[in-house]
Amino acid sequence: MARALFLAAAIGLAVACGPNTVVAQPAPEPPTFTSSGNRAFDEWRDDFARRAVERGRDPAVLGRLLSGIAPDDRVIELDQRQPEFVSPVWDYVTNRVTENRISGGRALKAEIGSTLDAVEQRYGVPSGIILGIWGLESNYGEAALNWNAQTALATLAYEGRRRQQFETYLLALTEMVERGLADQSQIRSSWAGALGQPQFMPDVYLTTAVDWDGDGHRDIWTNRGDVAASIAHYLQDRGWRRGEPVFEEVRLPSGFDYAHADGTQRTVADWNERGVRPIEGGEWPAAHRDLSAQLFLPAGAQGPALLLHHNFSVIRRYNNSDRYALVVALLARSFDGRSGLVQSWPRQIGSLNREQTLELQTLLNAMGYEAGAVDGLFGSGTRRAVRAFQTAEQLPADGFPTLALLQQVRVKAGVADAEPAREPRGLDRAGIRQLQRLLNRLGYSAGRADGVIGSRTRDAIREFERAQGMEVRGRATDVVLERAREAAG
């Protein structure tokens, strides 16, 4: 009887739906995870996995990738200490344009020169530029990749400063695994989650990696042809102009107005009329005179002066740093036997450390110069604010921060006698215990006061720093301890 009723119901459902009706399938359930020991991270991971499944990602793959991981404090520390932003420009450049890197690029060029020539012919990107990026990103494939990509990406997504960006990368990584484009060994990465020898983020791999030899695999891990072509394709896709230069070092005339180094694009002919000449003498090549360029003073008025062309900005698409693009271009020159910069770096004028940059940003903002976020990173907003201050004070408006400039800003702000900014000092175990007790008393859930810095304590420090308007670093320092004492009364 029951079987007859079931069959009748099934027949009735089929008749009601009709022959062309699709019965909706239940949505797949998101994966479940055991606790990482960090409640806030677990909440983010559960929510991310749910949203990823709603967007079509495979719950089983998500479960494999995200199970057993926890936020890695080293990743956040490295993210906040990127050398593009915190080291003097001359140190950044000279520490990367080295004899070892130059000789390594020349050796690779001799070994796979025919492949590089063919890649250059197809994509229009010079082999020296390809090798420069390759050498910087992974030392031509020799650099160790010490992180699991999913852990690095999940850490940076959870940390929150660029959550949407890193969640996008994590979704792309999941798709790579779903489609069999990379196995577990191939998703070892840099601390930022970048993959393979060209250090592509997962979404870039999906859209840009090239199968140069036609073997059915876009192998940016071991196939040198695929690596070279993928780098070249990336630059071509971002607007590389075949046959145009990257930059030219120039000589500026006496009495030059450094405010012109404000990012404005002018033709080389226009710069020529303002007295700007190639540093090694002579006139501008006729083919260059109609090209647009901006004047760049990487170390201020006392350092090298460069005219940056369109292709310089394309290299910056690979890594959003003027210093990085300059190093790539200098390496490319060296592979071709050309010299580096003629003008020496003005090391004697000094450069600001992160704490001093924080102070400079704070003072400029207070004076109405709009330096932007007080983050200790010297970006374009801070550069504009420095230039505006210099202009107002009738100083050379080169936009470059020095210790002397910081002192002038202090004087103008009325804090000339303030104690010079310094790097915070790390706490010993007793100091960490005291900080944990204070944070717990203030409601920041730092966990047991055991003097050990774990993820829970770091998260509590970050929450406290955000609430206090401090730079968010998650480190147990004397500065954080002093601020916690003040907050606790």
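Structure notes:
- Directionally averaged shadow of the chain, computed from the convex hull of its alpha-carbon atoms, nm²: 33.4
- Distance histogram for the stretch 424-489 (every C-alpha pair counted, 10 angstrom bins, percent rounded to whole numbers): 26, 65, 9
- Hz values of 3J(HN,Hα) by residue in the stretch 92-98 - Karplus curve (6.51, -1.76, 1.60), Gly and Pro given as x: 4, 6, 5, 6, 10, 8, 10
- Residues in the chain average 48 Å² of solvent-accessible surface per residue, probe 1.4 Å, ligands and nucleic acids excluded.
- Under Karplus coefficients 6.51, -1.76 and 1.60, residue-wise ³J(HN,Hα) of the stretch 278-288 in Hz, glycine/proline x: x, 5, 8, x, x, 9, 5, x, 4, 5, 9
- Relative to the longest principal axis of the Cα atoms of the chain, the long axis of helix 113-123 makes an angle of roughly 80 degrees.
- Computed on protein heavy atoms with a 1.4 Å probe, the accessible areas place 470, 367, 176 in the order 367, 470, 176, largest first.
- Size descriptors for the stretch 207-252 (Cα atoms only): Rg and Dmax, in that order, 14.8, 53 Å.
- Between residue 33 and residue 217, the C-beta separation translates, for a Förster distance of 41 Å, into a calculated FRET efficiency of about 0.85.
- In this rough spin-label picture, where each label sits 7 Å from Cα along the Cβ direction, the residue 54-residue 184 distance is 3.1 nm.
- What the Cα atoms of the stretch 183-313 give is an Rg and a Dmax of 19.9, 60 Å.
- Accessible surface of the chain, 1.4 Å probe: 48 percent of it comes from carbon and sulfur atoms.
- Computed from the C-alpha gyration tensor, the three semi-axes of the ellipsoid equivalent to the stretch 374-484 are 36, 14, 11 Å, from longest to shortest.
- With all protein chains modelled, accessible area of residue 344 [1.4 Å, Å²]: 80
- Taking the average, over residues, of other Cβ atoms within 10 Å as the packing measure, peptides 370-376, 108-114, 133-139 rank 133-139, 370-376, 108-114 from highest down.
- Projected label distance in nm at residue 121 and residue 241, using a 7 Å step from Cα toward the beta-carbon: 2.6
The values are calculated or read from the model by the stated rules, or taken from the named source; none is laboratory data. Since the structure is predicted, the reported quantities are computational estimates derived from the model, not experimental observations. We place every Cβ from the backbone using ideal geometry, glycine too, and count neighbours over all the protein chains shown. Keep in mind that these areas ignore ligands, DNA and RNA; they rest on the heavy atoms of the full protein, side chains included. Shrake-Rupley method; radii C 1.70, N 1.55, O 1.52, S 1.80 Å.
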